[in-house]
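The values are calculated or read from the model by the stated rules, or taken from the named source; none is laboratory data. Just so it is clear, the model here is predicted, and its values are computed rather than measured. Here the Cβ positions follow ideal geometry from the backbone for every residue, glycine too, while neighbour counts run over all protein chains shown. Side chains included, ligands, DNA and RNA excluded: accessible areas come from the protein's heavy atoms. Shrake-Rupley method; radii C 1.70, N 1.55, O 1.52, S 1.80 Å.
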Amino acid sequence: MSAYIQDIRRGILDENPVFRLLLGLCPVLGVTGFAMNGLGMGLAATMVLICSNVVISIFRNFIPKTIRVPIFIVVIASFVTMVDMLLAAFQPELHDQLGVFVPLIVVNCMILGRAEAFASKKPIARSFTDGLGIGLGFTVALVALAAFREILGHGTVFDIDITGAAFDPMGVMALPPGAFLALGILLYGVNLLFRKLGIE
Amino acid sequence: MENKLVITPSPHIRTPETTKAIMMDVLIALFPVVVVAVLLFGYQALVTMVVAVLAAMITEAVVLRKKDLISDGSAAVTGLLLAMTLPATVPWWMPAIGSVVAIILGKQMFGGLGNNAFNPALVGRAVLVVSWATHMAGDVWPVPKPFSPFADVVTAATPLEKEGAELLEVPLMDMFLGNIGGSLGETSALALLIGGFWLFFRGHIDWRVPGCFFATVFLMGAIFGGGIYENLVLTGVFHLLAGGVMIGALFMATDMVTSPVTGLGKVIFGVGCGLITMIIRLWGNYPEGVMFAILLMNAVTPIIDRFTVPRKFGEVKE
């Protein structure tokens, strides 16, 4: 049991894909203008990650070594297409906001990385918890970054005004350069915190 | 006997010039500009400058964990230069945020003085322009009220945003003396030239960067400026005097850390700054392009330096 909990903890803290591994940065920088978009993107990626991890783990003994990457990509692309259609059907507004970044989950190196490094070697249940942990870590990071940018850039979080009218939003944080600035500042803060907590 | 044969790597001769002395010279060079700014724009100019300088010095002291506020004086110069690029009407917290950004993101993030790729004051200004465009563009440029230090300033658009006949209402002599709307330190070409000559006289700046910058702006303005004053030469002069060309070319493009060190490199740097400035002015969305021109050329400075290494004495061409 503890191995499963360890998988989830590792995904959120020690090997957080954004704060520790700096993987899958394209959506991290692209859709974190609003906290809602960050949450939607994080959950969509988590969904794809869990499904692809489980499927690849099931077939891990049948996948020929030489063509494993194309097979991983096909599996990931199938789930991304499903998530894309589900979002379009049930959350059309969010789907419009995320735009091209949903199809781009296919080439997210975080998901391919877990397939290659974990799911293709480990049993099904472990692959499931690994996908869940890494996905949650990704979601936490996206929401944190998006909330940070939304507060500074718009004065709101999840569209709720929290700073009042006197606050003059710092427009650069809502723009693409702000994503790089905010990510750098957050990385600094998180790594400082992790060092204090003794997580290496 | 052994002690007399100490072998050390170069340099063997040290200059008595210190960073602090250079920064003091820059502050002295900025003094006429400061005086003119306060005379023209009153107490609001003073508040902006004091806030920017204090914020820069405090940020530097906090980041470096030093109790010495003045340190090598570079933070004060950065803060003052930043204030010079802001209109007097900005709310008091904007120069403060600009200074903090300039010191942390523009300078200390890269490893402190000497390691920064971009001019820190311009990094601070760039963040302010993109973030609070409403305070930094449009009808925010104060109309000067010479010798009335306690008057609140009235604002209008910059001459660069005017077109055609309106421009003729701005006499070139007023632009030379500084009696026009604009940022604190950019209006008076006369004061800036005095400061520039002081820096040149003290050997801190090279004639190539400002010279090529001015020449390019003048030529581009004269040829493509549309003959605003019904005269190509005067139109070129207008583009030289308008906006931030003077302060940019004399005080910011000449920053020793962020401009090339080779002679040919400085020429390329100056021409590049002038070209980008005029391209943005004439065909871009922003009325003024000096800041982005200098920042962009800062980015290519290492490449310029790399390809303009002069031939060593005695080296044979291959």
Residues in segment B:200-219 that are at pLDDT below 90 and open to solvent by less than 30 Å² (accessible area, probe 1.4 Å): how many?
2
Output the number of the condition that residue B:101 fails; it satisfies all remaining conditions of (1) open to solvent by 10 Å² or more (accessible area, probe 1.4 Å); (2) under 26 Å from residue B:32 (Cα atoms); (3) within 19 Å of the chain's Cα centre (by Cα); (4) within 14 Å of chain A (Cβ to nearest Cβ).
(2)
Looking only at segment B:303-314, which residues are open to solvent by less than 90 Å² (accessible area, probe 1.4 Å) and either in contact with a Cys (Cβ under 6 Å, 6 or more places away or on another chain) or free of Cβ contacts under 8 Å to residues at least 40 places away in the same chain (or both)?
B:314
The correct count of residues that are under 17 Å from residue A:35 (Cβ atoms), away from every other protein chain (no Cβ under 13 Å), more than 19 Å from the chain's Cα centre (by Cα) and not in a strand (DSSP E or B) in segment A:161-194 is 2
Mind listing whichever residues of segment A:123-152 are in contact with an Asp or Glu (Cβ under 7 Å, 6 or more places away or on another chain) and either polar (S, T, N, Q) or farther than 10 Å from residue A:11 by Cβ (or both)?
A:126, A:129
Suppose we filter segment A:139-160 for residues that are open to solvent by 30 Å² or more (accessible area, probe 1.4 Å) and assigned to a helix (DSSP H, G or I); how many remain?
7
Segment A:109-138, subset of a type in the set (S, T, N, Q) and open to solvent by 10 Å² or more (accessible area, probe 1.4 Å), residue farthest from the chain's Cα centre (by Cα)
A:120
Quick one: would you say residue B:62 is of a type in the set (A, V, I, L, M) and open to solvent by 20 Å² or more (accessible area, probe 1.4 Å)?
yes
Are there any pairs, at least 6 apart or on different chains, whose C-beta atoms fall under 7 Å, with the first in segment B:188-212 and closer than 26 Å to residue B:87 by Cα and the second open to solvent by 20 Å² or more (accessible area, probe 1.4 Å) and among the basic types (Lys, Arg), and if so, which?
B:209/B:266
Based on this model, can you work out whether residue B:70 counts as over 25 Å from residue B:191 (Cα atoms) and modelled with pLDDT under 85?
yes
